[in-house]
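A quick write-up on the structure given underneath.
We did not get these values from a lab; they are worked out from the coordinates using the rules stated. Given the structure is predicted, the values throughout are model-derived calculations rather than measurements. Every residue, glycine among them, receives a Cβ derived from its backbone with ideal geometry; neighbour counts consider all protein chains shown.
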Amino acid sequence: MNEQDCVITSAPGKMIVLGEHSVVYGKPAVALAIDRRFYCRVQKSQDFIVNGHRAIAGSHPHIRSIIHDNKVGNISVNAVTDIPASSGLGSSAALSSSISLAIRKLFNKEIDEEEIARDAFNAEWFAQGRASPIDTSTCTHGKGIAINNPEGMGRPLWEINKGENTWKVTDIDVPKMTFVVGYTGIHAPTGPIVEKVRKFKERNGFASDIIDEIGLITLLGMNAIRRGDKEDLGDIMTRNHKLLSILGVSCNELNKLVNAVLPHSFGAKLTGSGGGGSMIALTDEPDAVCEAIRLHGGIPMVVHTETEGVRVEETAPRTGAFPLPL
Ligand code: MEV
């Protein structure tokens, strides 16, 4: 097989620091790429094959969307990752970004970061029913991403419009800070939780107030990030968690982990869609936070940020730690 016949790509996972759910309605949000990656080895193929098995009808919507948008033939994908599936850490966005880059390379299409971010966003929209570009832009570009942040903060990357929403995506500098992720082990796919919030918002004006308030405190949090003020950022993260709980997207396991880490943290909150999945803590005591997470039934992961976005790889790891989001 020559090198044109097979491409290996990878993209990082992400954690949302502030603004999940409200960002779906065009409010601001901040996310960071994390040092866990999704690897895809992609080849042209007669049939649509995923990890050695022919894909059944309706499965793998992210990959199908990207094949369709790029108007290319079937592919065989071997995917490996250490990002837990449906954990709030961006496994499906990282899958989408890495598949888009691989398909573009394999079929000699334009390789452009913005176009990859658009492919990945469309794939999330198709698979979830509704989405914002926060996850897919972060997994594509890497490092730190802000959406609809105040003018003058960061470097504008691209703008995505869908329905009545406009998301201005910006690359931001984030001072070095230590975050610990606590994974509940509860598989929580994003689509149904996003839909639950949509229904709540439709039925109840009060939900729109919560979404507006999350937007407002996210702007305050962006200011704290700019100042490198961990106390202030942590406090805003915890307020964000309380608002997300009122919105109905937390659960007992997440609340238990958030409460357990607060004595050792500047602040803590669920990250991603909630309903299970993961929480994050901003801390200067990572060992104590990991221990608290472990003692309360979670799986701790100290994550490093400033991570590179989607890229071509020479090789991929042979096995991943978690099942795939496929
Ligand atoms: C999921 O990681 C983040 C949500 O805001 C959904 C989205 O933005 O697409 C819940």
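For the chain, what does the alpha-carbon gyration tensor say about shape, rounded, prolate or oblate, given a ≥ b ≥ c as the root eigenvalues, a/c under 1.5 as rounded, and a/b over b/c as prolate?
Prolate, since a/c reaches 1.5 and a/b exceeds b/c.
Given H placed 1.01 Å from N in the peptide plane, which residues other than close sequence neighbours of GLY90 have an amide H under 5 Å from its amide H?
Correct list: LYS14.
Residue-wise, which Karplus ³J(HN,Hα) couplings in Hz belong to the range 194-209, taking 6.51 cos²θ - 1.76 cosθ + 1.60, θ = phi - 60°, and x for glycine or proline?
Running phi through 6.51 cos²θ - 1.76 cosθ + 1.60 with θ = phi - 60° gives 4, 5, 4, 5, 4, 5, 4, 5, 5, 8, 9, x, 4, 5, 5, 5 Hz.
Answer rounded, prolate or oblate for the range 222-297, using the Cα gyration tensor with square roots of eigenvalues a ≥ b ≥ c: rounded when a/c is under 1.5, else prolate when a/b is larger than b/c, else oblate.
oblate
Kindly write out, for the range 110-119 in residue order, the coupling ³J(HN,Hα) from the Karplus curve 6.51 cos²θ - 1.76 cosθ + 1.60 (θ = phi - 60°), rounded to whole Hz, with x marking Gly and Pro.
4, 9, 9, 4, 5, 5, 5, 4, 5, 3
Would the range 1-154 count as rounded, prolate or oblate if I go by the C-alpha gyration tensor, calling it rounded below 1.5 in a/c and otherwise prolate when a/b exceeds b/c, oblate otherwise?
Cα axes put the range 1-154 in the prolate bin.
Once amide H atoms are built 1.01 Å from N in the peptide plane, which residues 5 or more positions from SER45, or in another chain, come under 5 Å H to H?
ASN74, ILE75, SER76
Packing-wise, with mean Cβ within 10 Å as the measure, how do 67-80, 152-165, 32-45 rank, highest first?
Packing proxy ranking, top to bottom: 32-45, 67-80, 152-165.
Determine the alpha carbon to alpha carbon distance for each of LYS14/LYS162; LYS196/LYS256; LYS199/LYS242; LYS44/LYS162; LYS143/LYS168; LYS109/LYS196 and list only those over 27 Å.
LYS44/LYS162; LYS109/LYS196
Along the range 257-273, what does the Karplus equation 6.51 cos²θ - 1.76 cosθ + 1.60 (θ = phi - 60°) give for ³J(HN,Hα), rounded to whole Hz, x for Gly and Pro?
Values per residue, Gly and Pro as x: 5, 4, 4, 5, 8, 4, x, 10, 9, 6, x, 7, 6, 5, 9, x, 7 Hz.
Per-residue ellipticity at 222 nm for the chain, helices alone: DSSP H runs ≥ 4 residues times -39500 (n - 2.57), over residue total, nearest 500 deg cm²/dmol?
On the way: 9 runs with 124 residues, N = 326.
That calculation yields -12000 deg cm²/dmol at 222 nm.
Stick to the Cα atoms of the range 8-87, pair each with every other, and give me the Kirkwood hydrodynamic radius in Å at one decimal. Mind showing how you got there, number by number?
Numbers: mean 1/r = 0.0680 Å⁻¹.
Every distinct Cα pair counted, the radius reaches 14.7 Å.
Note the direction-averaged projected area, equal to a quarter of the hull surface, for the Cα convex hull of the range 68-211, in nm².
Averaged projected hull area, Cα only: 10.9 nm².
If the range 128-171 were replaced by its equivalent ellipsoid, with semi-axes equal to the square roots of 5 times the Cα gyration tensor eigenvalues, what would those be, largest first, whole Å?
For the range 128-171, the ellipsoid semi-axes come out as 18, 14, 7 Å.
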